[in-house]
Amino acid sequence: MTNNQIMFFIFSAVIVIFSILTVTSRRILRAATFLLFVLVSTAGLYFMLRFNFLAAIQLTLYAGGIVVLIIFSILLTSQVGAKLELPGLSKKIYALIAAAAGAALCIWTILQYNFPRTSIESGRTSIDDIGKALTSTGKYGYALPFEVISILLLAAMIGSIVIAKKRKD
Amino acid sequence: MFEGVPLNWFLITATLMFFIGIYGFLVRKNLITMLMSLELILNSVNINFVAFNKLLYPQHLEGMFFTVFIIAVAAAEASVAIAIIINIYRRLVNIDVENMNEMKN
């Protein structure tokens, strides 16, 4: 059991346990906090894979941005401390059967397939490479998707302002 | 594989997270908790992309850029969804999915 494996087990245990708590907690603000823990330990997995820039994006944008947005909307739309009503038993059982069957099928398929076990030792990706790839238009360049995603973000921003704006009537 | 951690473990973690998200999406009634389950699903897909990028092309960054774009799309989706939820809350005063058929006309 190497240190990496121990770290991986800690991160994945946090991910699985807090994911379950996120979808079962009856207090909605606590569910959002548990989601924050899941996203932070996902960033830990990215750090383990040496994608430092991606882990930083995950921490700032997901854990910092989206969770705060969700918490604000919770505060705007529901009473703090109110408990969500429990789902019906039959609904719970059917959803559990669907999720468990899908998970069992996928995990069985993953375990059947022999992924190559060669050890890939590569250095960490430098910010330099990421910046060059993000702005170049040649092979392995991502200038066009970068522009498209910025237009998408602008459209989403304008759209959400227009939708959430108070109407006069 | 990645300094001692096999790829399978990453994939199994992502699978469990994905199907927990599916369970939450099916069970929850409140729209914001459904949105949180959706974030779980998107996040598990990101783990898969990054792990396969490290396995197949460690010298290129294709999976990483795909993940960055998925995160941006998730941010856009969350902002629009929350705007719609707030608008629904103004009209109906609660945000359970059962009441959404009142938006039909």
Discussion item. Only one of A:L59, A:L76, A:L86 is in contact (Cβ under 8 Å) with a residue 40 or more places away in the chain and among the hydrophobic types (A, V, I, L, M, F, W, C). Can you tell me which?
Written reply: A:L86
Discussion item. Among the listed residues A:S73, A:S126, A:S78, A:S90, identify the single one that is farther than 26 Å from A:V14 by Cβ and within 8 Å of chain B (Cβ to nearest Cβ).
Written reply: A:S78
Worksheet item: Can you tell which of A:L59, A:L86 is assigned to a helix (DSSP H, G or I) and either exposed (fewer than 13 other Cβ atoms within 10 Å of the Cβ) or modelled with pLDDT of 90 or more (or both)?
Response: A:L59
Worksheet item: Among the residues of segment A:94-106, is any at the interface with chain B (Cβ under 10 Å from one of its Cβ atoms) and assigned to a loop (DSSP other than H, G, I, E, B)?
Response: no
Worksheet item: All but one of (1) within 20 Å of B:G4 (Cα to Cα); (2) not assigned by TED's automatic domain parsing to the domain that holds A:N4 hold for A:F51; which doesn't?
Response: (2)
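Can you name the residue in segment B:63-72 that is more than 7 Å from chain A (Cβ to nearest Cβ) and without any contact (Cβ under 8 Å) to a residue 24 or more places away in the chain and, of all such residues, is surrounded by the most Cβ atoms within 10 Å (Cβ to Cβ)? It would help to see each step written out before you state the result.
Step one: of segment B:63-72, the residues more than 7 Å from chain A (Cβ to nearest Cβ) are B:63, B:66, B:70.
Subset that is without any contact (Cβ under 8 Å) to a residue 24 or more places away in the chain: B:63, B:66.
On the way: B:G63: 23, B:F66: 18.
Checked segment B:63-72; the qualifying residue surrounded by the most Cβ atoms within 10 Å (Cβ to Cβ) is B:G63.
Go through segment A:16-31 and report how many residues are surrounded by fewer than 22 Cβ atoms within 10 Å (Cβ to Cβ) and over 20 Å from B:L16 (Cβ atoms). Break it down into steps so the answer makes sense when it comes.
Let us first name the residues in segment A:16-31 that are surrounded by fewer than 22 Cβ atoms within 10 Å (Cβ to Cβ), namely A:16-17, A:20-21, A:24-27, A:29-30.
Imposing the further condition that a residue be over 20 Å from B:L16 (Cβ atoms) reduces the set to A:26-27, A:29-30.
Final tally of qualifying residues: 4.
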Practice prompt. May I ask you to list the residues in segment A:139-169 that are among the charged types (D, E, K, R) and within 19 Å of B:I85 (Cβ to Cβ)?
Written response: A:K165, A:K166, A:R167
Worksheet item: Of the numbered conditions (1) modelled with pLDDT of 90 or more; (2) at the interface with chain A (Cβ under 7 Å from one of its Cβ atoms), B:H60 satisfies every one except a single condition; which is it?
Response: (1)
Fill in: Candidate set: segment A:35-51, residues that are among the aromatic types (F, W, Y) and within 9 Å of chain B (Cβ to nearest Cβ); chosen: the one nearest to A:G81 (Cα to Cα)
A:Y46
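May I ask you to say which residue of B:I41, B:I88, B:I84 is assigned to a helix (DSSP H, G or I), surrounded by fewer than 21 Cβ atoms within 10 Å (Cβ to Cβ), more than 7 Å from chain A (Cβ to nearest Cβ) and out of contact with any Gly (no Cβ under 9 Å at 6 or more places or on another chain)?
Values: B:I41 fails: out of contact with any Gly (no Cβ under 9 Å at 6 or more places or on another chain); B:I84 fails: more than 7 Å from chain A (Cβ to nearest Cβ).
One residue alone meets the criteria, B:I88.
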Discussion item. Checking A:G81 against (1) crowded, with 18+ Cβ neighbours inside 10 Å; (2) in contact (Cβ under 8 Å) with a residue 40 or more places away in the chain; (3) not charged (D, E, K, R): exactly one of these is not met. Which one?
Written reply: (1)
Practice prompt. Considering only residues that are within 8 Å of chain B (Cβ to nearest Cβ) and surrounded by fewer than 17 Cβ atoms within 10 Å (Cβ to Cβ), look in segment A:1-15 and name the one that is farthest from A:L69 (Cα to Cα).
Written response: A:T2
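The values are calculated or read from the model by the stated rules, or taken from the named source; none is laboratory data. Only a predicted model underlies this, so the values are computations on that prediction, with no experimental measurement involved. We place every Cβ from the backbone using ideal geometry, glycine too, and count neighbours over all the protein chains shown.
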